[in-house]
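The values are calculated or read from the model by the stated rules, or taken from the named source; none is laboratory data. Since the model is a prediction, treat every value here as computed from it, not as a measurement. Note: ideal-geometry Cβ built from the backbone for every residue, glycine included; neighbour counts use all protein chains shown. For the accessible areas, the whole protein counts, side chains as well, though only heavy atoms, and no ligand, DNA or RNA atoms are used. Shrake-Rupley method; radii C 1.70, N 1.55, O 1.52, S 1.80 Å.
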Amino acid sequence: MANTVNDAPVALERAVTAAIRAGHAWSVRRERPEAWAEIARMTGVIMRACGPGRGPATPAELVAALRRPLGTWLPGCDAAARDLVVLDGDDQLTDATFEIGCDYTAEVLAGQDDPGAGWLPGWRVHRAEQIEKAAFQALLAGGDEEYSRGRRFITEHPAGVLTELVAARSELGLPPLVPYGEIPGERQRDGSWWPCPVCRWPMRVRGAMVRCDFPRHEAVYTVSSAPPSLQPAGGARRASKRRPVDGAVCVDESVWRFIVVPGVVEVRLHDRIAALPGVRAELYPRKDLYDIRVTSAGDGTWEFTLDVKDYASARALARKLEERPIAADHLVLPRYRSDQAGELRRLLPGTGVSTEDQIYRRIRRVASSDGRSR
């Protein structure tokens with residue numbers, strides 16, 4: 001693939017990674033004594049990125065900068081990172097860090113042991129492919145069908161009652177997959193928690209607000225008391241029913257962000273295509289060589305192979321695909337990333353780019369034409 005994306009953004013990845021690592025450390029500084037050393041280390045990374053006399057030069061200056069858009073103080077920001085504010089008014093990570101920040105995960109301490117690896121969230125230390133490899137190690141030894149069932153299981157069961165999750169997994173004949181832990185304190189209130197109506201992972205509770213950390217799921221609610229219940233805020237989706245915390249568990253935040261969030265789109269698109277007459281759709285065939293493979297249900301005279309990618313930054317996605325091209329014939333964007341299609345076609349001229357709705361309509365037309373010709 002031609003190198004159409006400048007190499008300069010690699011430095012930006014390190015700087016944005018450092019900014020978000022510092023932001024997370026600041027948000028947990030009262031619980032994690034090692035957070036102070038992490039902020040100091042990340043200040044050094046930021047100073048190298050900004051250059052002499054530019055940008056934050058002390059940990060205190062860095063923390064103050066994290067409350068402003070990165071583009072106002074970090075040189076070289078692309079369009080997606082420019083408006084990113086890492087810390088909100090309560091000194092917690094903003095929702096945008098979970099959506100945009102994951103596009104910029106890079107090694108920031110090259111050639112050194114990373115002291116943060118033992119306590120920082122996995123999504124701030126490891127790339128998506130590292131999280132996936134660790135999560136699906138048990139499935140790689142099995143067959144294709146088991147792999148597909150296992151990935152789908154995690155996407156559809158990121159949280160729930162532990163005994164019910166174990167029973168459901170056993171019924172599918174699956175080995176233990178990813179670890180589940182207790183519902184975090186910041187995702188419960190008065191003994192209750194609420195799953196996001198889109199991804200089913202526990203939503204964050206902050207004061208009178210309950211919301212999914214992934215903004216594109218449009219799940220924002222106000223919570224009443226005695227007993228606690230949710231009311232949609234603005235144009236939010238209908239709220240899920242509250243669940244008791246006792247006996248409930250959920251996957252780690254990194255598994256949610258790198259496996260569950262993109263998996264929601266992959267499973268949705270697969271099921272939508274699979275419902276078409278005359279179509280055979282496979283989810284994660286050949287152990288995820290593609291996300292979806294679609295063929296004629298009859299003689300297999302036509303085929304579509306799809307890879308769904310959900311990045312907040314089109315340039316960051318193009319850069320990743322230059323490093324690691326997809327095997328599929330079609331790069332598919334979630335419908336809420338449709339505005340990226342034109343830029344990606346320009347950045348990746350040899351790659352077919354469609355939104356999930358566009359590729360669905362194209363497959364429907366091919367299947368319908370195939371059916372009429374029989």
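Details
- Failed item, numbered, when P285 is tested on (1) at positive phi; (2) in contact (Cβ under 8 Å) with a residue 40 or more places away in the chain: (1)
- Residue count for segment 51-69 under the criterion of being over 15 Å from A81 (Cα atoms) and either among the hydrophobic types (A, V, I, L, M, F, W, C) or surrounded by fewer than 19 Cβ atoms within 10 Å (Cβ to Cβ) (or both): the result is 11.
- Unique match (being closer than 22 Å to L344 by Cβ and either open to solvent by 50 Å² or more (accessible area, probe 1.4 Å) or within 18 Å of the chain's Cα centre (by Cα) (or both)) among D90, D83: D83
Residue-wise test of (1) at pLDDT 85 or above; (2) of a type in the set (D, E, K, R).
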residue: S229; (1), (2): no, no
residue: R243; (1), (2): yes, yes
residue: G263; (1), (2): yes, no
residue: R268; (1), (2): yes, yes
residue: L276; (1), (2): yes, no
residue: G298; (1), (2): no, no
residue: A312; (1), (2): yes, no
residue: R315; (1), (2): yes, yes
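- Residue within segment 73-80 that is under 18 Å from G101 (Cβ atoms), at pLDDT below 85 and not in a loop (DSSP other than H, G, I, E, B) present: yes
- Residues satisfying the stated conditions in segment 70-80, i.e. within 23 Å of the chain's Cα centre (by Cα) and open to solvent by 40 Å² or more (accessible area, probe 1.4 Å): A79
- Within segment 266-280, residues that are closer than 20 Å to G298 by Cβ reach partners that are small (G, A, S) and assigned to a strand (DSSP E or B) with beta carbons closer than 6 Å, at six or more positions or on different chains, in the pairs H270/A281; I273/A281; A274/A281.
- Selection within segment 222-249 - farther than 16 Å from D190 by Cα, free of Cβ contacts under 8 Å to residues at least 40 places away in the same chain and touching a Phe, Trp or Tyr at 6+ places or on another chain (Cβ under 8 Å): Q231, P232, A233, A236
- Residue in segment 218-236 that is of a type in the set (D, E, K, R) and either in contact with a strand residue (DSSP E or B) (Cβ under 7 Å, 6 or more places away or on another chain) or surrounded by fewer than 17 Cβ atoms within 10 Å (Cβ to Cβ) (or both) present: no
- The single condition from (1) modelled with pLDDT of 85 or more; (2) outside any helix (DSSP H, G or I); (3) open to solvent by 30 Å² or more (accessible area, probe 1.4 Å) that E107 fails is (1).
- Helices (runs of 4 or more DSSP H) contained in segment 250-350 and holding at least 2 residues over 30 Å from Y180 (Cβ atoms) and open to solvent by less than 30 Å² (accessible area, probe 1.4 Å): 314-323, 341-347
- Which listed residue is among the polar types (S, T, N, Q) and closer than 30 Å to A80 by Cβ, from S313, S229, S296, S225: S313
- Qualifying residue in segment 199-208 (condition: farther than 19 Å from G247 by Cα, at pLDDT below 95 and out of contact with any helix residue (DSSP H, G or I) (no Cβ under 8 Å at 6 or more places or on another chain)): yes
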